[in-house]
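The values are calculated or read from the model by the stated rules, or taken from the named source; none is laboratory data. Source: prediction; values computed, not measured. Please note: Cβ atoms are built from the backbone with ideal geometry, for glycine as well, and neighbour counts cover all protein chains shown.
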Amino acid sequence: MGNQITPSRAVPGIDGYPDTPVTEQLTELPMAQRREVLECLVVREFRYTLRLPEDTPLALDVACHEVGLTPPHISETMQRLESLFGRRIGISILFERPTVAALVAHLADDLLTDLFEDVDKSIYVSRTALWDDVLRSLHDD
């Protein structure tokens, strides 16, 4: 995805279903699209909190305090995200992972794991088995 998301970017697969919980909507998306949609949702909440104009990009890899988030902004954003995902996130996470990109990674990898299960594990196991076979055949020769 690049380093920035422009504010006018729609959240694919989510915006059309306002009555359905976001987590349920995410599960209906193909696994390959979920992280991008999660990132779009988080960026949308940060943009709303910061009252950024629609044509102003938001840097994903810059510390939140450097883009103008104050402690009240952080609290507001975390409350909005907790409400959106129906999970407790806590304010301290932005001190531990101070960028939008790091927060998205935390949400996908640690908090919303049921929505972002590693579908590549079977591929990894298959690749590992393949390499084991290749190495074994080289060693046997």
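Name the residue, out of E76, E45, that is closer than 17 Å to A102 by Cα, of a type in the set (D, E) and in a helix (DSSP H, G or I).
Working: E76 fails: closer than 17 Å to A102 by Cα.
Every option except E45 fails the conditions.
To keep it simple, each residue is scored yes or no on (1) hydrophobic (A, V, I, L, M, F, W, C); (2) crowded, with 17+ Cβ neighbours inside 10 Å.
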position: A59; (1), (2): yes, no
position: C64; (1), (2): yes, yes
position: L69; (1), (2): yes, yes
position: H73; (1), (2): no, yes
position: S83; (1), (2): no, no
position: R87; (1), (2): no, no
position: G90; (1), (2): no, no
position: L94; (1), (2): yes, yes
position: R97; (1), (2): no, yes
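Please go through region 79-89 and give me each residue that is in contact (Cβ under 8 Å) with a residue 12 or more places away in the chain and part of a helix (DSSP H, G or I), ordered by number. Before the answer, list the steps.
The first filter runs over region 79-89 and keeps only residues in contact (Cβ under 8 Å) with a residue 12 or more places away in the chain, leaving 80-81, 84-87, 89.
Correct list: R80, L81, L84, F85.
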- Note on the structure: Only one of (1) at positive phi; (2) at pLDDT 80 or above does not apply to G2, and that is (2)
- Query: Under 8 Å by Cβ, and 6 or more places apart or on different chains, what pairs join a residue from region 90-108 that is at negative phi with one that is buried (at least 17 other Cβ atoms within 10 Å of the Cβ) and among the aromatic types (F, W, Y)?
  - Reply: V100/F46; L107/F85; A108/F116
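What tally of residues in region 48-73 results from selecting those that are part of a helix (DSSP H, G or I) and β-branched (V, I, T)?
The initial filter retains those residues of region 48-73 that are part of a helix (DSSP H, G or I), namely 48-50, 64-67, 71-73.
From the residues that got through so far, the ones that are β-branched (V, I, T) too are 49, 67.
Number satisfying all stated conditions: 2.
Condition check: within 15 Å of T23 (Cβ to Cβ) and within 14 Å of the chain's Cα centre (by Cα). Does E36 satisfy that? Before the answer, list the steps.
Numbers: within 15 Å of T23 (Cβ to Cβ): no; within 14 Å of the chain's Cα centre (by Cα): yes.
For E36, the condition - within 15 Å of T23 (Cβ to Cβ) and within 14 Å of the chain's Cα centre (by Cα) - is not met.
Test V104 against the criterion of being at pLDDT 85 or above and over 15 Å from the mean Cα position of the chain (by Cα), and give yes or no. Even if it seems obvious, please write down each step before you answer.
On the way: at pLDDT 85 or above: yes; over 15 Å from the mean Cα position of the chain (by Cα): no.
No, not satisfied.
Would you say E76 is over 15 Å from V104 (Cα atoms) and either modelled with pLDDT under 85 or in contact with a strand residue (DSSP E or B) (Cβ under 9 Å, 6 or more places away or on another chain) (or both)? So that I can check it myself, show each step before the final result.
Details: over 15 Å from V104 (Cα atoms): yes; either modelled with pLDDT under 85 or in contact with a strand residue (DSSP E or B) (Cβ under 9 Å, 6 or more places away or on another chain) (or both): no.
So E76 fails the test.
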- Only residues that are acidic (D, E) and in contact with a Pro (Cβ under 7 Å, 6 or more places away or on another chain): list them for region 20-54, please. E54
